[in-house]
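Below is one structure, written out as structure tokens; comments come after it.
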């Protein structure tokens, strides 16, 4: 296709990926914080724990929604940019890595919505997010090789 440079699109993708990784780290931090608050058995601090944990839970949900949005934005950018530049998809392992990240993020979000009602949801949510660490690493490494194709 004879289209203008997609460098601006890749800049958006780079920022989105960086922010998605930051959101993932914040989710890990707040998730550990909630786990510690849930397993702590200090009764005198119960009032502080309840009010503090609600804030952490809200931040965790907000970061989760942000990460889902950023990953879906990255999917759209990847599809539009690759099809616009090459005319088709599937030019590198980055497509498979990206799709796996998208599926894991969506499964993680779904399992998070089930945590209040289902016993199986919390261990599934945690397991998915451990796998997501590996998937984010893989998509970052394959993405670096893709970026090299677009740089002048």
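Name the one entry in 81, 90 that is under 23 Å from residue 16 (Cβ atoms) and not in a helix (DSSP H, G or I). Step through it out loud before you land on a result.
Details: 81 fails: not in a helix (DSSP H, G or I).
From the options 81, 90, the qualifying one is 90.
Can we say residue 142 is in a helix (DSSP H, G or I) and either in contact (Cβ under 8 Å) with a residue 12 or more places away in the chain or closer than 17 Å to residue 16 by Cβ (or both)? Break it down into steps so the answer makes sense when it comes.
Numbers: in a helix (DSSP H, G or I): yes; either in contact (Cβ under 8 Å) with a residue 12 or more places away in the chain or closer than 17 Å to residue 16 by Cβ (or both): yes.
Yes: the conditions hold for residue 142.
Would you confirm whether or not region 32-54 contains a residue that is surrounded by 13 or more Cβ atoms within 10 Å (Cβ to Cβ), more than 17 Å from the chain's Cα centre (by Cα), modelled with pLDDT of 80 or more and outside any helix (DSSP H, G or I)? Give the derivation first.
Residues of region 32-54 surrounded by 13 or more Cβ atoms within 10 Å (Cβ to Cβ): 33-34, 37, 49, 52-53.
Pick out the ones that are also more than 17 Å from the chain's Cα centre (by Cα) and you get 33-34, 37, 49, 52-53.
In the following step, the residues that additionally are modelled with pLDDT of 80 or more were identified as 33-34.
Among the residues that remain, those that are also outside any helix (DSSP H, G or I) are: none.
No, region 32-54 contains no residue that is surrounded by 13 or more Cβ atoms within 10 Å (Cβ to Cβ), more than 17 Å from the chain's Cα centre (by Cα), modelled with pLDDT of 80 or more and outside any helix (DSSP H, G or I).
Between 59, 99, which is touching a helix residue (DSSP H, G or I) at 6+ places or on another chain (Cβ under 6 Å), at pLDDT 80 or above and part of a helix (DSSP H, G or I)? First the steps, then the outcome.
On the way: 99 fails: touching a helix residue (DSSP H, G or I) at 6+ places or on another chain (Cβ under 6 Å).
On inspection, the qualifying residue turns out to be 59.
Got at least one residue in region 103-111 being more than 21 Å from residue 127 (Cβ to Cβ) and touching a helix residue (DSSP H, G or I) at 6+ places or on another chain (Cβ under 6 Å)? Outline the logic, then answer.
Here is the first cut: in region 103-111, the ones more than 21 Å from residue 127 (Cβ to Cβ) are none.
No, region 103-111 contains no residue that is more than 21 Å from residue 127 (Cβ to Cβ) and touching a helix residue (DSSP H, G or I) at 6+ places or on another chain (Cβ under 6 Å).
How many residues are part of a loop (DSSP other than H, G, I, E, B) and either surrounded by fewer than 13 Cβ atoms within 10 Å (Cβ to Cβ) or under 14 Å from the mean Cα position of the chain (by Cα) (or both) when one looks only at region 106-133? If you could, list the steps in order and put the result at the bottom.
Taking region 106-133 first, the residues part of a loop (DSSP other than H, G, I, E, B) are 115-120.
If we keep only those that are either surrounded by fewer than 13 Cβ atoms within 10 Å (Cβ to Cβ) or under 14 Å from the mean Cα position of the chain (by Cα) (or both) as well, we get 116-120.
Residues in region 106-133 being part of a loop (DSSP other than H, G, I, E, B) and either surrounded by fewer than 13 Cβ atoms within 10 Å (Cβ to Cβ) or under 14 Å from the mean Cα position of the chain (by Cα) (or both): 5 in total.
The values are calculated or read from the model by the stated rules, or taken from the named source; none is laboratory data. No experiment lies behind these values; they were computed from the predicted model shown. Positions of Cβ are generated from backbone atoms using ideal geometry, with glycine treated the same way; all protein chains shown enter the neighbour counts.
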